[in-house]
Structure formats: structure tokens, C-alpha cells
Amino acid sequence: MVVTPKDSKTSDASGETPRWGFWFFGITFVFFMLASSAPSPLYVVYQQKFGFSAAVLTLVFAVYVVALLIALLTVGSLSDFVGRRPMLLASFVAEALALATFAFAQNLTWLLVARAVQGAATGAATGVIGAGAIDNQRRDRPGSAATLNAVAPGVGLAAGAVAAGVFVQYLPQPTRLIYLVLIGAFVVLFFIALRLPETSPRITGAVASLVPQLKFPRYLRPYLVRAAPCLFCSWSLGGFYLALGPSITKSVLGLDNHLIGGLTICALALPSTSVLLFRRFFDNHGLMYIGAGATAIGVIGVMLSTLAGATILFFLASIVAGVGFGTIFVGSFGSVSERINPLERAQIVATIYVINYTAFSVPVIVAGLVVAQQGMLRTTTYFSIYVFVLAILAFVAIRSGRRRARELPAP
């Protein structure tokens, strides 16, 4: 549903939302994703420094996602009641505290605490950012928020992984400096956000909104059902790369370089921004088809390349999978977000991201357990087959759900 002037409120005297607000939410999303991926190339360092296994590594990753999901389910929709800006400011403070804990981590417990606080901060911010981007998008470009919600994570994850790889490989204090730089960035964002116009009217019901719940309004259910396999396909792949990508390059391909470990994540995340090109020629439905196909082809390439020990083929396959990672998410998210009632935005965006992060975490936790028993190579093979099956299911869901969705009017 396209937002009209009466659908949203702003502190701007003209009644129009200043355009910089849209880009500020996008940049904020980039930095939250950048910060979330920064620890990934450092996991190998932490394993050696604190002496824990790949299974424990995925536990560190899982703690982040569990905290994020709890935040999404409790405070994810709170900005619909108290406003976007207060929730965003609180998220900045929590993220800075998490980064400070990372910077001075002394053992595994510190890492778990840091990752949990970071997950809570990201979860609280995710609903706000998704809803805020929709609030601030231009009325003549109703799909721009969906594109932003897909491009920003790709840019952020890629930048964070590569930056951390550079810091670890070439700069002093590799487990501290990257976090101190990010703290400075979030301090700057905090002060800019103080001038951010409010776009969500304060309404009653804030306390009741803290009760964990998922919202699937009847008018959106056909779109959510069709989007769910696509979201699972995209985010399962992203979670695997973020948690274990650098370990694949080291254990399977024999590349003991932290920058290359970061480039592994970048090879998946950065090509996801190609959706900006595809968006010009295809609607949400077309993007979902392209994404399912590219993901299926890409993960088969990943499986074959790791079995053959072919590094170049692995990175090429990751790039193809990355195109799928971005396009299938933009298409599925856009097919839902464009029809959301304005007063339910944060809550429904939070629900969508609960689906995303469930797919992002649960399969990776299982993968970590499999690594401990059967090794990284077999785990990569099994996970590639799993994502391939999800891509086929997504294709079926897209095809079967199109006719029914067309028959239902927007709210």
C-alpha cells in the first residue's frame, strides 16, 4: 500500500518527510549489518585465542540471533507506539555497548555477552529501520524501501567482513581496533538521529505490544505464505556464509588469510546489490523467480567447487548465489511490504524478520553440530543441497501463489 500524506506524520512544517530521512535509515541499516558481520573474520582468531570448537563458534553466532529474535518479538513493534526516533537512539546506545564489550573481550563469556547485546540492539533497530524506510520513501517510488532493505544488508555485510579482514590481517590490535572505529560511527549516527523528523504518531498500547507475538493479518497471509520459502532460502544461505564462510576457505580450500575469509562473505553479500539493476526491468514476482534460479545454480556450484577444491569456481559460484540472495529477498519482501497497513508497519516488518533470522540461525546451528561430527567439507555439501531444495520450494511457491494473490485487494 502506498503511503499518502494522511497516512504518516512528520515534524516537517510542510507536511512532507525530508528525503534525507530515507537515506539515513538506509545508512543506519548498513552500519548495523556492518557491525554484525565484523566479528565473522575474527572467529578463527577467537577460536585460537580462547580455544573453542566450530560447534561452540556456531553457539556464539546463535546467541546473537536468539537475542535478536527476542528483541524483534518484544520491542520490534514498539516504534509504532512510542515513535521511530526514541527506539533508534536506544538501539545505537545498545550497539555501542556491545562493540565495547567485543573490544575488551577476555574470554568466551565476554564474546557471548557481546554477541547477545549486539543481537538485541540489531533486533530492536530492525523493525524501526524497516518501518522508517517505508515511512520515508517517495510516494512515486513505493518499492524503494524494499530495495533499500535488501541492498543495505548486502553492502553492510560485505563492508564489515572485508574491513574486519583487513584489520585482522594488516593492522595492529586486530580484535580491538575495528570495534573502536565502529563505536565512533554509531556515536555520529546517534547525534544525527537527534534531528531526525518523527514519522510515527505516538499511540496507546506500548506496554501491550511488548507481549511476544507474530502478526499475520488475513489480508497479507497469501503474500506471506508465498514469501516464506523465499525468505528461508535467502537467509539460510546468508547465515551459513556469515558464520562459517571464513572457515570454509581455511579448512576446505586451505587459504589461511583473514582478508580472504572476509572476501568469502563479500562474494555473497556484495552481488546482492545487483538487485538495483534487476529492479529496473522486473517486478517483485520476476525478482523472486530470478533469485530462486540464481540461488539454485550458485549453491550447486559451491558444492562442486568445494568437492573439487577449486577456489576460483567457489568464488564465482558464491557471486551467482549472491545475486540470488539479494533478488529473492527484495522480491519477497517487496511483495508483502507494499501492502502493509501504515499503522502496522513495524510489527509486520518485525514478523518478517523473525522468519528471516529463524532461517538465518537454526540451520547454521545444526551445521555447526555436523561440522564437529563429519567435518567442514561434508557440512558444506549437505548445506548446499538443503539450500538448493529451498530454492526449488521457493520456485513452486512463487508459481502457485501468484494467481491467488492477484485476486486479493490491498487493505
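Sorted by average packing, counted as other Cβ atoms within 10 angstrom per residue and highest first, what order do 231-241, 40-50 take?
231-241, 40-50
Sorted by mean Cβ packing within 10 Å, highest first, what order do the peptides 90-97, 155-162, 370-377 take?
Result, highest mean first: 155-162, 90-97, 370-377.
With label points built 7 Å along Cα→Cβ from the Cα atoms of V225 and R280, find their separation and express it in nm.
3.7 nm
Kindly identify region 221-365 as rounded, prolate or oblate by the Cα gyration tensor criterion: order the square roots of the eigenvalues as a ≥ b ≥ c, call it rounded if a/c is under 1.5, otherwise compare a/b with b/c, prolate if a/b is larger, else oblate.
Taking the square roots of the gyration eigenvalues as a ≥ b ≥ c, region 221-365 is prolate.
Taking θ as phi - 60°, what are the ³J(HN,Hα) couplings along region 327-332 by the Karplus curve (6.51, -1.76, 1.60), each to the nearest whole Hz, with x for Gly and Pro?
5, 5, 6, 4, x, 5
Each reported figure results from applying straightforward, stated rules to the coordinates on display, with no laboratory input. Quick caveat: nothing in here was measured; it's all calculated off a predicted structure. Don't worry about glycine lacking a Cβ; one is built from the backbone with ideal geometry, like all the others, and counts go over all protein chains shown.
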